[in-house]
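First comes the structure, then the notes that go with it.
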Amino acid sequence: MKTLHYTTSEINRNFKIKVFGYVNGKKVNTLVGVSGLLRILDGATDLVNRLLDRAFNGKDDKCVCKLRRGIKVTFYCF
């Protein structure tokens, strides 16, 4: 089983994660935690690790990641 590169508490402490788009045919526009993000992305830990690496290495206040499946994940630093 693959694991995340960062701890859940570290991610939730540094970012607010917003998911926008269509998930299973329903429109979603909500804040989620790490477990919610994994649930929406069907447990794809390798994809979540790439998104988190991009968010932690970013220099702006937010990092927007647009996925091909019609979902936009935004990481807000606070």
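Shape class of the chain from the alpha-carbon gyration tensor: oblate, with a/c at 1.5 or above and b/c at least as large as a/b. Taken one residue at a time, the phi angles of segment 43-53 give Karplus couplings (6.51, -1.76, 1.60, θ = phi - 60°) of x, 7, 5, 5, 5, 5, 4, 5, 5, 5, 4 Hz. Gly and Pro are set to x.
Residues Tyr76, Tyr22, ranked from the fewest to the most other C-beta atoms within 10 Å, line up as Tyr22, Tyr76.
Read-outs throughout are calculated quantities, based only on the coordinates presented, and are distinct from any laboratory measurement. A quick note: this is a predicted structure, and the numbers were derived from the prediction, not measured. Note: ideal-geometry Cβ built from the backbone for every residue, glycine included; neighbour counts use all protein chains shown.
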